[in-house]
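The values are calculated or read from the model by the stated rules, or taken from the named source; none is laboratory data. This is a predicted model, so every value here is computed, not measured. When we count neighbours, we look across all protein chains shown, and the Cβ atoms used for this are built from the backbone with ideal geometry, even at glycine. Accessible surface areas use protein heavy atoms only, side chains included; no ligands, DNA or RNA. Shrake-Rupley method; radii C 1.70, N 1.55, O 1.52, S 1.80 Å.
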Amino acid sequence: IPAPKRGEIVRQIGDALRQKIKVLGSLVSLEMGKIYVEGVGEVQEYVDVCDYAVGLSRMIGGPILPSERPGHALIEQWNPVGLVGIITAFNFPVAVYGWNSAIAMICGNACLWKGAPTTSLISVAVTKIIAKVLEDNKIPGAICSLVCGGADIGTAMARDERMDLLSFTGSTKVGKQVALMVQERFGRSLLELGGNNAIIVFEDADLNLVIPSALFAAVGTAGQRCTTARRLFLHESIHDVVVEKLAKAYAQVRIGDPWDSDTLYGPLHTKEAVKMFLDAVEQAKQQGGSVVCGGKVTYFYSPCCRNYVEPTIVTGLPHNAPIVHTETFAPILYVLKFKEEEEVFAWNNEVKQGLSSSIFTKDLGRIFRWLGPKGSDCGIVNVNIPTSGAEIGGAFGGEKHTGGGRESGSDSWKLYMRRST
C-alpha cells in the first residue's frame, strides 16, 4: 500500500477517534484517575498525531547523494521494519500508543500493542475503533492488534525475534530489563523511561509565570507524568517569597471526582502509588526536609476512596539528598536553594534521568547557555514554560536513564523504518 494511501487510512482513524473523543476521555478518566479534561486532551493528542502523520506520509524520503563513480546514483531508501511492538504505561494509556501507532502505520508497519493491565478497557475501545477503520478499507483489523496482560506478555514480546522494533514506555527499572532482552537478540528498542525533572527560577524571573507553571508541572495528573516537575531550584534571594506564594496556590487546588468539571486534581492510580508517596515523604523528613504543605492521605473527596493524597511541597533538603535523586511517581515537589548559574545547571544534570527541564529568566545570554552544550542535558529543554507537556511536532524523549528514545515528531519516523543505501 503506497505511503500516501496509508496516510489516508490514518486520517480516517483520527476522524473516528474525534467522533468518540468525549466517551473515550471519560473512559481514560474512569480507569486511570486523571481529570476528565486531561482524558479528553489525551485522546485529542492521538487525533493530532494522526493529522501530523497524514502529512508525513507524503514527505518520507531519503536523499540522493553525489556518487564518486561516473554513471552511478547513490540513494537512501527507507523501508518498513515490519512488526512494531508497543508497550504503554497506565498514565497515558491512549496518547503514547497514538504517537507510536500513527507514525508506525504510515511507515508501513503492523502494530502489536500491550497496554497497562490496569487500563485494558480503554485499550480495547481504541483497538476496536481502529480495527473498524482498517476493515472498512478492506485490510485486516489485525494490522493493529492488542494483547492484554502483565509482565509475562511484555517479556514474551521483548524476547520474540519476530518483533522488529519494541517501543517501551514505563519505569527505568523495567526498561533496563526490556533493553537487555531485546539487545540479546540484536533487536531494536525505543525506550521512554523515567524523568526527575527540574524547574530553575532565577532572581529576574516573572513570578506571575513561575507560580502557575510550577503548580501545573508538579500537580497535574497528580504528579504521574514522566515530565512532572519533581525539583524546583529557587535562587536564594527569592526562595522564601516563592515558597509562600506556591503554598497559597497549592491550598487552592480543587481535589475531587475526576469527572467533575471543577476538579483539578484526582486520585493516584493505585494503592501501591499511595504507599510510595507516604514512604517518600517519610524519607524526605528523615533526610532533613520540612513538609510545607501536604504529605498525607486525604479523604477530601470520598471516605471510601483510599488513593487520594495531598499535593506536597518539601523544603530544606540538599540538592544531592538521596530522596531528591529518587523519582517518586507522585505529587511531591522538592524545593531547593541555589546561588550561581553554573552550580544549578550542574545540579539539573546530576540526576540519572534526562527527560525534561526548564528555566525561568529574562536574561538572553543565560537562555542561550541553557540551550547550548553546557546547559541542560535533557531531551526536552524549556524556557519560561513548565516541564510537563510537549508538542507533537517535536521529537519527544530523553537522555541517560530516560532511555534515549524519540517518539512522534521531527525525524522520529526513522526509528520505525530501516535504511538501505
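Largest mean-square fluctuation among 39, 288, 71, in a Gaussian network model of the chain whose springs join Cα atoms under 10 Å apart, belongs to 71. In percent, rounded to a whole number, the relative contact order of region 197-383 is 27, using alpha-carbon pairs under 8 Å and six or more apart.
Of all the accessible heavy-atom surface of the chain, with the other protein chains kept in place and a 1.4 Å probe, what percent is carbon and sulfur?
56 percent
Cross-link list 296/339; 339/374; 352/374; 128/352; 20/248: which exceed 28 angstrom alpha carbon to alpha carbon? Those over the limit are 296/339; 128/352; 20/248.
Each DSSP beta bridge with both residues in the chain is either parallel or antiparallel, and the antiparallel ones are about 25%.
Within the listed set 153, 380, 103, the residue fluctuating most in the Gaussian network model of the chain (springs between alpha-carbon atoms under 10 angstrom) is 153.
With N denoting the number of residues in region 1-94, provide Rg(C-alpha) divided by 2.2 N^0.38 Å, to two decimal places. Walk me through the numbers on the way to the answer.
Numbers: Rg = 19.1 Å, N = 94, 2.2 N^0.38 = 12.4 Å.
Output field value: 1.55.
One chain, two ends: residue 173 and residue 20. Fully extended at 0.36 nm per residue, the span grows by 51.6 nm beyond their Cα-Cα distance.
Within region 340-366, which residues have the backbone N less than 18 Å from the label spot 7 Å out from residue 391 along Cα→beta-carbon, could you tell me? Answer for region 340-366: 356-359. Output the DSSP H helices from the chain with an along-axis C-alpha extent of no less than 15 Å and a mean Kyte-Doolittle hydropathy no less than -1.0. Length and hydropathy pass: 3-19, 21-32, 36-56, 95-106, 120-136, 172-184, 207-219, 239-251, 271-286. Here the extension length gained between residue 207 and residue 67 equals 44.7 nm, from 0.36 nm per residue of separation less the Cα-Cα distance. Compute the distance from the alpha-carbon center of region 50-111 to that of region 272-326, in whole Å. Using only Cα atoms, the two centres lie 42 Å from each other. Ordering 259, 370, 413 by accessible surface, largest first, gives 259, 413, 370; the 1.4 Å probe counts only protein heavy atoms, with every chain in place. For residue 184 and residue 278, a Förster radius of 56 Å and the Cβ-Cβ distance give a FRET efficiency of 0.90, rounded to the nearest 0.05. Only helical runs count toward this figure. For the chain, summing -39,500 (n - 2.57) over DSSP H runs of n ≥ 4 and dividing by all residues gives -12000 deg cm²/dmol at 222 nm. Between residue 244 and residue 290, the distance separating the two model label sites (each 7 Å from Cα on the Cα→Cβ line) works out to 1.3 nm.
Could you grab the relative contact order for the chain? Cα pairs under 8 Å, six or more apart, rounded to a whole percent.
Values: 912 pairs, mean separation 73.7, N = 421.
Rounded, it is 18 percent for the chain.
Separation of region 133-176 from region 359-386 is 36 Å, based on Cα centroids.
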